[in-house]
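Taking it in order: structure first as structure tokens, then the write-up.
The values are calculated or read from the model by the stated rules, or taken from the named source; none is laboratory data. Quantities reported herein were computed from a predicted structural model and do not represent experimental measurements. Don't worry about glycine lacking a Cβ; one is built from the backbone with ideal geometry, like all the others, and counts go over all protein chains shown. Heavy atoms of the whole protein, side chains included, go into the accessibility calculation; ligands, DNA and RNA do not. Shrake-Rupley method; radii C 1.70, N 1.55, O 1.52, S 1.80 Å.
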Amino acid sequence: MAIRLRQSTASQEIPLGYFVDSLDGNTEETALSIANTDIKLWKMGATSLASKNSGGATHMANGLYYCVLDATDTNTLGGMVVFVHVSGALAVRVECEVLPAVVYDSLIAGSDRLQVDRKSTRLNSSHLVI
């Protein structure tokens, strides 16, 4: 399941890992130095990868790290894939989905409501027209 993120919002933490040794594929790597330039982002519609805007990753436990995404990292709606490959560890990939603020606030944070009354939508044959 993709990690859901709020569009253009700072201070969103995501987990990265497990980082395991590149030689045996099993030993947890707990002392990696992961810079922002080691964390590559693919945003929906892009034809290249971008480095994470700022800040690297921090170890939590047992080869699991986290990084904090900022408003620049989350400025594009839709799918986003985070790739990390640092020396000594196997590559890690994390799938995310960047949602519009009102959708995130309604479905995830519970601090807003989606407008779904008849004034904003109507049914047409077998599909919804907005």
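Would you calculate, for the chain, the mean residue ellipticity at 222 nm contributed by helices, counting each DSSP H stretch of 4 or more residues as -39,500 (n - 2.57) and dividing by all residues, to the nearest 500?
-500 deg cm²/dmol, from helical runs alone.
Within 10 Å, count the other beta carbons around each residue, average over each peptide in 91-102, 23-34, and list them highest first.
My ranking of the peptides, most packed first, is 91-102, 23-34.
Please list 3J(HN,Hα) in residue order for segment 67-78, calculated via the Karplus relation 6.51 cos²θ - 1.76 cosθ + 1.60 where θ = phi - 60°; whole Hz, with x for glycine and proline.
10, 10, 8, 10, 4, 5, 5, 10, 7, 10, 5, x
Of Val94, Thr9, Thr37, whose Cα points farthest to the positive end of the dipole of the chain (charges on the beta-carbon: +1 Lys, Arg; -1 Asp, Glu; origin at the Cα centre)?
Among Val94, Thr9, Thr37, the one farthest towards the positive end of the dipole of the chain is Thr9.
Only loop residues by DSSP count here, and only those with at most 16 other Cβ atoms within 10 Å; note down the chymotrypsin sites (Phe, Trp or Tyr not before Pro) in segment 1-59 that meet that.
Filter output for segment 1-59: Tyr18.
Hey, what do the phi angles of segment 51-62 turn into as Karplus ³J(HN,Hα) couplings, whole Hz, using 6.51/-1.76/1.60 and θ = phi - 60°, x for Gly and Pro?
Running phi through 6.51 cos²θ - 1.76 cosθ + 1.60 with θ = phi - 60° gives 6, 3, 4, 7, x, x, 10, 10, 6, 9, 5, 6 Hz.
What number comes out for the charge environment of Gly78, summing +1 per Lys or Arg and -1 per Asp or Glu over other residues with Cβ under 12 Å away?
0
Counting only protein heavy atoms and a 1.4 Å probe, tell me what percentage of the chain's accessible area is made up of carbon and sulfur.
About 51 percent, which is the carbon plus sulfur part of the accessible surface.
Check which residues have an amide H placed less than 5 Å from Leu5's amide H, if you skip close sequence neighbours.
Glu97, Val98, Leu99
At a threshold of 8 angstrom on Cα-Cα distance, excluding pairs fewer than six apart, so keeping six or more, what relative contact order does the chain reach in percent?
30 percent
Candidates (1) 23, 16, 13; (2) 35, 14, 14; (3) 28, 15, 11; which is the computed semi-axes √(5λ) of the Cα gyration tensor in Å?
(2)
In a Gaussian network model over the chain where Cα atoms closer than 10 Å are linked, find which of Ile108, Ile39, Ile14 has the largest mean-square fluctuation.
Highest fluctuation of the listed residues: Ile108.
Could you list which residues have their amide H under 5 Å from that of Asp112, counting only those 5 or more apart in sequence or on another chain, with H placed in the peptide plane?
When sequence neighbours closer than 5 places are left aside, the close amide H contacts are Ser106.
Using a 1.4 Å probe, what is the accessible area per residue for the chain, in Å²?
About 62 Å² of surface per residue is accessible.
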